[in-house]
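Before any comments, here is the structure.
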Amino acid sequence: MSTQIDYTPISLRDAQNLVKDLTKPNPTIYWTDFLVSILTGHALFHLVLYADKWMDSAQWWFWPVRVALFFATALLYYRSVMFTHELVHLPRGEFRGFRIAWNLLCGIPFLIPSYMYYPHVDHHRRKSYGTDEDGEYLNLSHQSPWLIVGYLLSVLVVPLLGFFRFAVITPLWWIFPSMRGWTWHHASTMVMDPTYFRPDAGERVHRIRLLQEIGCFVFCMFLALRGPLIQGVAFDPLWIQAYLMGVTILTLNNVRTLGAHRWTGDGEQLSFEEQLLDSVNYPERPWITELWGPVGTRYHAIHHLLPSLPYHNLGSAHRRLMEGLPANSIYRLTNRTSLLGEIATLWRRSANRHGKWKDHRSGSGNDQLSAA
């Protein structure tokens with residue numbers, strides 16, 4: 001016979017006091033982690049691309065090895081990409097060299113320059129979270145489950161749209177000033193919500209935007225002309241590998257994103273505790289969770305509780321909170337073990353609201369959260 005536990009609100013001050021010595025980012029960890037990940041990823045990418053030059057393509061193990069190296073590359077690139085999340089939360093004016101290095105080695109080659117992620121801060125503002133001002137939120141629990149399917153399938157077109165954005169739209173808004181406003185408001189942000197309207201920004205941001213877009217345009221031209229001008233071929237195999245790599249990385253990220261929140265918001269403002277309960281931690285099984293939730297993203301609930309904590313301290317901070325907060329703190333309700341299990345719960349919650357696949361184990365609101 002189980003006993004119902006009455007969970008108590010979390011004290012933000014108590015949580016901050018427990019981890020106050022963990023708020024300083026360590027530059028050595030940032031540089032080492034990122035450089036090892038991105039440079040090894042670039043090396044493996046080229047090993048995959050030119051596999052027939054260093055392996056015998058007639059051997060049975062040629063494709064298994066090539067495929068394994070491809071997915072190893074994708075995991076390293078995915079980890080490198082996720083540092084864009086850290087850039088937003090690092091103290092302003094600090095880590096300037098790291099920001100430049102990330103854009104040169106990752107952001108620009110992957111056509112996701114850091115300026116496109118600046119609005120992420122709205123995802124952490126209480127008055128913005130889950131509303132129209134939050135481009136990183138979809139009220140999936142209140143929508144048809146086919147929206148989840150559509151979100152996952154979008155990975156097939158996003159790489160192509162990204163190339164079109166910087167190869168075509170970028171020079172157009174340089175030539176036609178009337179396009180600048182539309183491009184900024186509707187096509188300059190990494191978001192989940194395609195209807196998101198990006199608000200205006202100051203001159204400093206637009207200077208950064210211009211420099212980063214020039215870099216992206218130049219890289220697009222390199223991709224387009226590499227085969228005909230450098231390799232002497234009409235069709236460059238790099239195009240296929242780059243597209244498949246983009247799809248793979250986006251798939252990893254979209255699956256992770258579906259389990260990062262419970263998506264129970266209905267478009268209205270949520271309280272601090274409702275936002276916390278809408279976010280999920282996956283502290284167990286780091287051998288797998290660190291692969292799909294790298295750079296601290298598997299600790300999404302504690303990140304929403306204390307956004308200033310650097311990624312390399314989130315594990316320690318979580319353990320302190322679990323030990324130091326009351327046994328009935330609602331923080332414990334944010335912990336889950338299985339990403340796929342949480343996504344399955346989201347699917348049932350969405351389906352139940354639309355009269356299909358009834359499952360009375362799934363509730364409404366915060367899904368009748370129970371202790372992890």
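All of the numbers you see were taken from the coordinates with simple rules; none came from a lab. The shown structure was predicted, so the numbers you read here are calculated from the model rather than taken from an experiment. Glycine gets a Cβ as well: all are built from the backbone with ideal geometry, and neighbour counts include every protein chain shown.
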Inset, instruction - Evaluate the chain: find the radius of gyration of its Cα atoms, find its Kirkwood radius, and give the ratio Rg to Rh. - result: 0.98
Legend entry - Helical segments meeting 24 Å axial Cα length and Kyte-Doolittle -1.0 threshold in the chain (DSSP H): 27-49, 62-81, 203-225, 237-260
Legend entry - Most positive-pole-ward Cα, L87, Y299, L49, against dipole of segment 12-315 from beta carbon charges: L49
Inset, instruction - Can you tell me the order of 320-330, 242-252 when each peptide is scored by its average per-residue count of other Cβ atoms within 10 angstrom, highest first? - result: 242-252, 320-330
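What is the chain's relative contact order, in percent, from Cα pairs under 8 angstrom and six or more apart in sequence? If you can, show how the numbers build up before the last one.
On the way: 429 pairs, mean separation 89.6, N = 372.
Answer for the chain is 24 percent.
Arrange the peptides 56-68, 75-87 so that the one whose residues have, on average, the most other Cβ atoms within 10 Å appears first. Numbers along the way, then the final one.
Values: 56-68: 11.1, 75-87: 21.9.
Averaged packing, sorted descending, gives the order 75-87, 56-68.
How much space per residue, in cubic angstrom, does the convex hull of the C-alpha atoms of segment 1-59 take up?
Values: hull volume 12.9 nm³, N = 59.
Normalising the Cα hull of segment 1-59 by residue number yields 219 Å³.
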Inset, instruction - Report the residue, chosen from A260, A317, A351, that carries the largest GNM mean-square fluctuation when the chain is represented by alpha-carbon nodes joined by springs under 10 Å. - result: A351
Inset, instruction - In debye, nearest 20, what is the charge dipole magnitude of the chain about its Cα centre with +1 on Lys and Arg Cβ and -1 on Asp and Glu Cβ, if you could check? - result: 220 debye
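Only helical DSSP H runs with n ≥ 4 go in: add -39500 (n - 2.57) per run for the chain, normalise by residue count and round the 222 nm mean residue ellipticity to 500 deg cm²/dmol. Show your work: numbers first, answer last.
Numbers: 17 runs with 191 residues, N = 372.
When only DSSP H runs of four or more count, the value is -15500 deg cm²/dmol.
Which order do peptides 212-221, 297-306 fall in by mean Cβ count within 10 Å, highest first?
Details: 212-221: 18.4, 297-306: 23.6.
Ranking, from highest mean packing down: 297-306, 212-221.
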